[in-house]
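First comes the structure, then the notes that go with it.
The values are calculated or read from the model by the stated rules, or taken from the named source; none is laboratory data. A quick note: this is a predicted structure, and the numbers were derived from the prediction, not measured. Don't worry about glycine lacking a Cβ; one is built from the backbone with ideal geometry, like all the others, and counts go over all protein chains shown. We work out accessible area using only protein heavy atoms, side chains counted, and drop any ligands, DNA or RNA first. Shrake-Rupley method; radii C 1.70, N 1.55, O 1.52, S 1.80 Å.
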Amino acid sequence: MTARTRLLDKSVAQAMSTLSAAAKRGLGDPALAELVVIRASQLNHCAFCLDMHLRIAREHGVPERQLDLLAAWEEAEGVYDERERAALALTEAMTVLTGGTSQAVGSGGGFVPDEVYETAAKHFDDTELAHLIGLVVAINNWNRVMVSRRIPPGGYTP
């Protein structure tokens, strides 16, 4: 597998970076933001993003136990609080868009199950929820760029 060096046009990369930074800032919880981006990156098999965000998570003081058990967060009772669990469930639902039902627009259906969205809405105010959604969108975009370009881990420098 060979890395494809040209990632994105500079203006596109800048727009994606701006979205990522704004979403993280607006969420207001750097440790939670890193858990979210790591979980999406696990689901998307993005080694570059995992390598980068695991480093950043440690810098923000995310406990090693949380990082170690993130792939099995649903089974790790007592490791993640309810707010973290709500964010992780929404992250998974948005990242793997096959879990819900596909129904007509306006019928209350969709790919993100209502109960997942409603649980997240209980733990995040409207602004925080919008930023959480923006963060999941941003990391999924980055994962797809890095995986499609076959960018190996190790290139991130803070």
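Let me have the relative contact order for the chain, percent, based on Cα pairs under 8 Å that are six or more residues apart.
40
DSSP H helices in the chain with Cα extent of 24 Å or more along the helix axis and mean Kyte-Doolittle hydropathy at least 0.0? The partial results should precede the final answer.
On the way: long enough: 10-27 (25 Å, 0.19); 126-148 (33 Å, 0.64).
Qualifying helices, which must be both long enough and hydrophobic enough, are 10-27, 126-148.
Note down the net charge around His45, summing +1 for each Lys or Arg and -1 for each Asp or Glu among other residues with Cβ under 15 Å from its Cβ. Display every interim value, and only then the final one.
On the way: positive: Arg39, Arg144, Arg149, Arg150; negative: Asp51, Glu92.
My count for the surroundings of His45 gives +2.
Cβ under 11 Å from Lys122's Cβ, Lys122 left aside: what net charge do those residues give with Lys, Arg +1 and Asp, Glu -1?
Values: positive: Arg83; negative: Glu82, Glu115, Glu118, Asp125.
Result for the neighbourhood of Lys122: -3.
What whole-number value in Å² describes the accessible area per residue of the range 10-149 for a 1.4 Å probe?
Working: 7180 Å² over 140 residues.
I get 51 Å² per residue for this part.
Mind checking which of Leu129, Leu69, Leu32 has the largest fluctuation in a GNM of the chain, springs on alpha carbons under 10 Å?
Maximum fluctuation in the GNM of the chain, among the listed residues, is at Leu69.
At 222 nm, what value in deg cm²/dmol follows for the chain if DSSP H runs of at least 4 each add -39500 (n - 2.57) and the sum is divided by all its residues, to the nearest 500?
Values: 7 runs with 98 residues, N = 158.
Helix-only estimate at 222 nm: -20000 deg cm²/dmol.
How much of the accessible area of the chain, in percent, comes from carbon and sulfur atoms when a 1.4 Å probe is used?
It is 55 percent, rounded to a whole number.
Residues of the range 38-55 with the amide nitrogen closer than 18 Å to a label point 7 Å from the Cα of Glu75, along Cα-to-Cβ, please.
What the label zone holds, given the 18 Å backbone N cut-off, is 39, 42-43.
Taking the Cα-to-Cβ direction at Arg25 and at Ser148 and moving 7 Å from each Cα, how far apart do the two end points lie in nm?
Simple spin-label model gives 2.7 nm for this pair.
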